[in-house]
Amino acid sequence: SAGWSGVADLSSLRWTVDHPDDLAHVQSLLDSAAVGAGVGTDAVTGFDRFDLYRGIERAGLRLQAASENLAPLLGEMLARLNRHDEALDPLGVAVAAEPDDAALWSLIATCHERGDNAPKEVEALQKAAQKSPDDAALLRRLGLALRKIPNDAAAIAQLTKALALDPSMVDLEIPLGEMHHAAGRRALGEGDDAGAAAAFEAARKYQRDD
C-alpha cells in the first residue's frame, strides 16, 4: 500500500536533514509523503506525520538562507497535510521569488479559503487571474470568492467570463441568475426602474425551464 514504514520514514528524514541541498531527493521525499499522508490513506500514522513534517521543516529552514527552491515544495506539503496557516509562510517566500506563478497564488488562495479569510482569498485569486486570465477554472474560483465578500458586480463579471470560456460550467447559471435578480431588487429599491429592468432581463437568461 502507499506510504512508508516507520524505519524508512526516519531514515529518509535523517538523510534530508543532513543533506538539505539535495533538492531532487527532497522533491522525491515530498512526492512520496503526499501519497502517504495527503490523500486519505492510513499508511502514515500521526507520529510518522509529525516526524515527516519536522524533518521537512528543518530541511526548509536550513535551505532558506541559500535558496528559495524548497519553499514551494514545503508550502505545498504543509497544505496537503491541512496545515494551511503554516503553509502561508513558505508560500509567501516562494511567490516573492516567483511573483508570476499563478499556481502559487492559487495555492495561497486555497490556504486562505481553508482559514475562512475571504478577502485574502480574493486578493490571491486576483493575482493568480492576472497571471492566467483565460483559465476558466481560476475565474470560477475568483467569482465565487468575490460573492462571499460580497462584491456581486465583480463576481458576475468573473463568472460570466468563466462560463463563456467553458460553457460546460452550466452550474454557474444559478449564482449568476441569483446575483442579477438581487441587483434588480436593489435597483428597484433605489428607484432605478431602467436598471432593475436590465438586471431582471439578465437574470432571465439563466432561468431553466426544467
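Rounded to the nearest percent, how much of the accessible area of segment 153-210 (1.4 Å probe, protein heavy atoms only) is carbon and sulfur?
54 percent
Could you tell me what a quarter of the Cα convex hull surface of segment 122-210 works out to, in nm² with one decimal place?
6.0 nm²
In terms of modelled amide H atoms, which long-range or inter-chain residues lie less than 5 Å from the amide H of ASP101?
Under 5 Å from the amide H of ASP101 lies no amide H from a residue far enough along the sequence or on another chain.
Which lysines does LYS127 reach when only Cα atoms under 23 Å apart count, and residues fewer than 8 places away in its own chain are ignored?
LYS148, LYS161
To the nearest 20 debye, what is the magnitude of the charge dipole of segment 76-210 about its Cα centre, counting +1 on the Cβ of each Lys and Arg and -1 on the Cβ of each Asp and Glu?
Here the size comes out at about 120 debye.
The values are calculated or read from the model by the stated rules, or taken from the named source; none is laboratory data. Since we're looking at a predicted model, the values are computed, not measured. Cβ coordinates were reconstructed from backbone atoms using ideal geometry, including for glycine residues, and neighbour counts include every protein chain displayed. In case anyone asks, the SASA skips ligands and DNA or RNA and just uses the protein heavy atoms, side chains included. Shrake-Rupley method; radii C 1.70, N 1.55, O 1.52, S 1.80 Å.
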